[in-house]
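See below for the structure under consideration.
Please treat every number below as a calculation from the coordinates, not as lab data. What you are looking at is a predicted structure, and each value in this text was computed from that prediction instead of being measured. Virtual Cβ from ideal backbone geometry, glycine too; neighbours counted across all protein chains shown.
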Amino acid sequence: MAIRPTSVTEVSGIAPDRSWLTEVGDFCRQRPLGAIGAAVVVVNILVGLAANLIAPYDPLTTDYGAMLARPSAAHWLGTDAFGRDVLSRIIYGSRTAMLVGFACALLGATIGTVIGVTSAYFAGRVDLLIQRVMDIFLAFPLIILALAVVSILGTGIGNVIIAIAIPMIPRAALVARSSALAIREMPYVDAARAAGYRHQRIILRHMLPNVMAPYLIMLTAYLGQAILLEASLSFLGLGVSEPTAAWGLMLRGAAVQFAEAAPWMAIFPGLAISLAVFAFNLFGDSLRDALDPRLKTQ
Amino acid sequence: MTDISVTRRLSIPALLLAGLVFTGPAAAQDKPRYGGELLFAVPSEMPSYDGHREGTFGMVHPLAPHYNTLLKTDPNDRTGTKIVGDLAESWTIAPDGRVYTLKLRRGVKFHDGAEMTSRDVKASYDKIVFPPPNVGSMRKGQYTNVEAIEAPDASTIVFRLKWPQASFLASLASPYNWIYKADVLARDVRWYEKNVMGTGPFTFVEHVKGSHWVGKKNSNYWDKGKPYLDGYRAIFMKDSAAQVAAVRAERAHIQFRGFAPAERDSLVAALGRKITVQESPWDCAAWVAINQDKKPFDDKRVRRALTLALDRRQASVALSKIAVVKEVAGVQVPGTPYATPPDELEKLAGYGRDIKKSRAEARRLLREAGVPDRFAFTFTNRGLPMPYEPIGIWLIDQWRQIGLNATMVTIEASQHVNELRAGNFTVSSDAQCGYAVEPDLDLAKFQSKEISHNNYGRYTDKVLDDLYQKQNRATDPEERKRYVREFERRLLDEEVHTFITLQWHRIVPHSAKVRGWTITPSHYLNQQLDAVWLAE
């Protein structure tokens, strides 16, 4: 049987059981900026989920009678070069951004954490080998590695998710390993080993749950990065393909050509990207401060 | 309200344009002025200097002013189809249509001072038609009909053909068939890959790779009084924003290939009367390739539904505001001798004026062929923004309207060609561009896969092959027109092996100082610059 790690507060019984609502309330009071970030994130997620209910127009339907229309009562944020409603495309673009963001961050942070913890657990030559492989990937800037992967795999939403997740893995592995190194030396891990549990069980049931704080922090930090990377790849024509509604895609092509005549085509998707990334970063920073204040100084 | 504002915004530059375009002929009547250096941007650079070997306009634009060809298209003919003499002064065709005898100009000198004779012409054409092993000749396949090239005297050159060929004069006017010096070719047949020496209006000065190409006036040019310019400087610039900025800042007078409509509008808005805009249908069309090895596209009813879904007339008006496409056309550039008359064009599938009726017919055909509603397939698009991306977005929207759910996958441009050749696609964008408007050049691609290596539809159609041969050998223009029409009907309507979306549209906004240059449907033609001059 595994020995559940306990904290000092649980042992002393000083802290009473607190509901998650109280925790959220405390978080909002203590970190108002983080709360604002979280609110924007939640709104983004809801908008993405309910896009088909709240978007005023179909994001793919062209209207050549309303090409490059200025923001008006009919089209709050104007239309693009094909007469497609910019607001509707931003709303549906939120779905693409959230899908890519969450998929990449989950994939990258999870695989990276598993690798990092495994590396720390086995230590020795295994650790050395894994870390050197991670070092090779870390040598490349995030966007360069993503560009390389997408140029091999091709464009499309699935490939973009893989292309963005891959460069995140070594970064997550590095953070998870440093946390797991300390956990490896904990008595409960020794006890599990002494009890004869298999490596897999020790890693998955005893070590991984104890790196959840850095994992959650990485997850929120990577969400913003993934959204930005997806937008960058799409802007370069290497991300999702037209006519899919995606923020980065909305910034390229006709938006560049008509930057002077129809600036709304670039301004609003640009604002959407900035707001989402800023919100994820604010939320991530506050979450880090709340869950693991030591990481702030690191 | 929205519509009005858009119309107003788009129509101001359009009206301005119309005015500017029509100032062209008046300006052309001005007396040419000598002097000045023409500055032009070139969006591409040449792999070698040999016109017989290469195909890119990145070579033609900087190098064509150094050379002459045997024949050329009339520099003032906007259709780019009227053939006139360049080094050939006159020519005759034997009654059986198999012997072409051309008389050469006398007194033409190469830039090294040597006299140009029929020996040089024969050596140049021998290199093009019968190249030695390991010497590239890109258009060799277009001269398979040539049996022999003879030079009976210093000023006569004779081409003997295996069968009469309607397009043979046009093929002698190819903008790539520069006349090289026989002695140089005899010493080193590949000398022209890295060196320049012709009979043209400008001599070579320097080429700084990635930067510029400079030519200066040939004071011994055979066409007395020409050229008007002291010289020219071609500036290599790949980025279109940089090209627009160069023209805007008057660091370049012109970029001969063309700009997008938005770039034209921004230049007109910025420079007003200092800019002249010339526009023409382009000898390039945006095609759709359909892989007939893939079901259900082996069924011509499904292929017909794809073309019937397209509202080409609406697209012509709308897409021409944002992309380099405009004309609704058949297999030949509108306004040229073999172009389809509008009333005949309307009879072809997808060219009718009643789009509701066309789309109803498309849905019926899909049902009949057993294609389910919301049938999903992939449209493979070439990874170049202009005009492929707007055309792709438009196509997907049009197909949605007949219940087809196409997803666009964009592939990098060079890889896209490989995928087409390998048949790794279902439906794809395709392009057909010619260096001259000529049915032989424009239709060859659509012959059976056993004949045409860029028949991406992977079909075999012996009737089509036969019609191609008939139009190729018909020396009577009216008879040839009939065969071209039959070919077109079979290709686009009866079998729908493939189809055209819209013809490309060439837009060249340039400094109003540039005079004596006329746009044609091909960005390879009319680049000798001998008649170009700069106004004060």
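Considering only residues in the range B:401-415 that are among the polar types (S, T, N, Q) and within 10 Å of another protein chain (Cβ to nearest Cβ), the one that is farthest from B:Gly258 (Cα to Cα) turns out to be B:Gln401. Going by the structure shown, is A:Gly154 at positive phi and either buried (at least 23 other Cβ atoms within 10 Å of the Cβ) or without any contact (Cβ under 8 Å) to a residue 60 or more places away in the chain (or both)? Yes; evaluated as a whole, the condition is true for this residue.
Only one entry of B:Val508, B:Val484 meets the criterion of being in contact with a Phe, Trp or Tyr (Cβ under 8 Å, 6 or more places away or on another chain) and in a helix (DSSP H, G or I), and that entry is B:Val484. Of all residue pairs spaced 6 or more apart or on separate chains, those with beta-carbon atoms under 6 Å, a first member in the range A:60-84 that is more than 16 Å from A:Gly253 (Cα to Cα) and facing another protein chain (nearest Cβ under 8 Å) and a second member that is of a type in the set (A, V, I, L, M, F, W, C) and outside any loop (DSSP other than H, G, I, E, B) are A:Tyr64/B:Ala318; A:Ala69/B:Val6. When the range B:379-414 is filtered for residues that are under 19 Å from B:Arg312 (Cα atoms) and among the hydrophobic types (A, V, I, L, M, F, W, C), the ones remaining, listed by number, are B:Phe379, B:Met386, B:Ile391, B:Ile393, B:Trp394, B:Leu395, B:Ile396, B:Trp399, B:Ile402, B:Leu404, B:Ala406. Can you tell which of B:Gln447, B:Gln398, B:Gln469, B:Gln432 is within 14 Å of another protein chain (Cβ to nearest Cβ) and either in contact with a strand residue (DSSP E or B) (Cβ under 6 Å, 6 or more places away or on another chain) or not charged (D, E, K, R) (or both)? Only one candidate passes the filter, namely B:Gln398. One residue is enough: does the range B:306-313 have a residue meeting the conditions more than 13 Å from chain A (Cβ to nearest Cβ), without any contact (Cβ under 8 Å) to a residue 24 or more places away in the chain and farther than 26 Å from B:Val437 by Cβ? No, the range B:306-313 contains no residue that is more than 13 Å from chain A (Cβ to nearest Cβ), without any contact (Cβ under 8 Å) to a residue 24 or more places away in the chain and farther than 26 Å from B:Val437 by Cβ. For B:Ala260, the requirement of being away from chain A (no Cβ under 14 Å) and in contact (Cβ under 8 Å) with a residue 24 or more places away in the chain is not met.
For (1) under 14 Å from the mean Cα position of the chain (by Cα); (2) within 14 Å of another protein chain (Cβ to nearest Cβ); (3) in a helix (DSSP H, G or I), each residue gets a yes or a no:
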residue	(1), (2), (3)
A:Phe102	yes, no, yes
A:Ala109	yes, no, yes
A:Gly112	yes, no, yes
A:Phe140	no, no, no
A:Thr155	no, yes, no
A:Ile162	yes, no, yes
A:Ile166	yes, no, yes
A:Ala176	no, no, yes
A:Ala180	no, no, yes
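Within the range B:428-466, the set of residues being over 20 Å from the mean Cα position of the chain (by Cα), within 23 Å of B:Val146 (Cβ to Cβ) and among the aliphatic types (A, V, I, L, M) comprises B:Ile451 only. The set of residues from the range A:232-264 being more than 11 Å from chain B (Cβ to nearest Cβ) and touching a residue at least 40 places away in the same chain (Cβ under 8 Å) comprises A:Ser232, A:Leu233, A:Ala245, A:Ala246, A:Trp247, A:Met250, A:Trp264. Taking the range B:358-414 on its own, how many of its residues are of a type in the set (Lys, Arg), within 30 Å of A:Leu233 (Cα to Cα) and either crowded, with 22+ Cβ neighbours inside 10 Å or touching a residue at least 12 places away in the same chain (Cβ under 8 Å) (or both)? Matching residues across the range B:358-414 total 2.
Number of residues in the range B:212-257 that are surrounded by fewer than 22 Cβ atoms within 10 Å (Cβ to Cβ), within 13 Å of another protein chain (Cβ to nearest Cβ) and either β-branched (Val, Ile, Thr) or part of a loop (DSSP other than H, G, I, E, B) (or both) equals 1.
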